Amino acid sequence: QVQLVESGGGLVQPGGSLRLSCVASGSNLSIYIMGWYRQVPGKQRELVAAISSGGISNYTDRAKGRFTISRDNAKNTVYLQMNSLTPEDTALYYCNAKYWAIGWWGQGTQVTVSS
């Protein structure tokens, strides 16, 4: 069983930056594919970025060039550095850990981009 706790969300102005963190407990994070997802009310949860156990990352087109996912297996933590934020990035951001067909979710952290 994996427990995930996200933090780092908040209110930021357009063009600003935030760094989200996701701390895992209950298991060694290094074996999991880790992902950041986001969801707005009335829409499906969507992938933002993911990183493999070996450190290979991939991004959606909207995140590419602005967001960076990274992991520190020694700290059992995965990060999402978000730059050049726009109001369209406003969402509840979730951390996900996946091992084969099994996945776990955190409770989410709210990111609001507004002037």
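Can you tell me the mean projection area, over all orientations, of the convex hull of the chain's alpha carbons? Units nm², please. Kindly include the intermediate steps, with their values, before the conclusion.
On the way: hull surface 26.8 nm².
For the Cα atoms of the chain, the hull's average projected area reads 6.7 nm².
Tally Lys and Arg at +1 and Asp and Glu at -1 over the other residues with C-beta under 15 Å from the C-beta of residue 17: what net charge comes out? Mind dumping the intermediate values first?
Values: positive: 19, 66; negative: 89.
Here the count lands on +1.
Calculate the spin-label point distance for residue 112 paired with residue 27, positioning each point 7 Å from the Cα along the beta-carbon direction, and give it in nanometres.
So the two model labels end up 3.4 nm from each other.
Tell me which lysines have Cα within less than 29 Å of residue 43's Cα, excluding those fewer than 8 residues away on the same chain?
64, 98
Using a 1.4 angstrom probe on the protein heavy atoms only, line up 23, 40, 78 by accessible area, largest first.
Highest to lowest solvent-accessible surface, that is 23, 40, 78.
The values are calculated or read from the model by the stated rules, or taken from the named source; none is laboratory data. From a predicted model like this one, the values you see are computed outputs, not experimental measurements. Cβ sites come from the backbone with ideal geometry, for glycine too, and all protein chains shown count toward neighbours. Accessible surface is based on the protein model in full, side chains and every heavy atom, while ligands, DNA and RNA are left aside. Shrake-Rupley method; radii C 1.70, N 1.55, O 1.52, S 1.80 Å.
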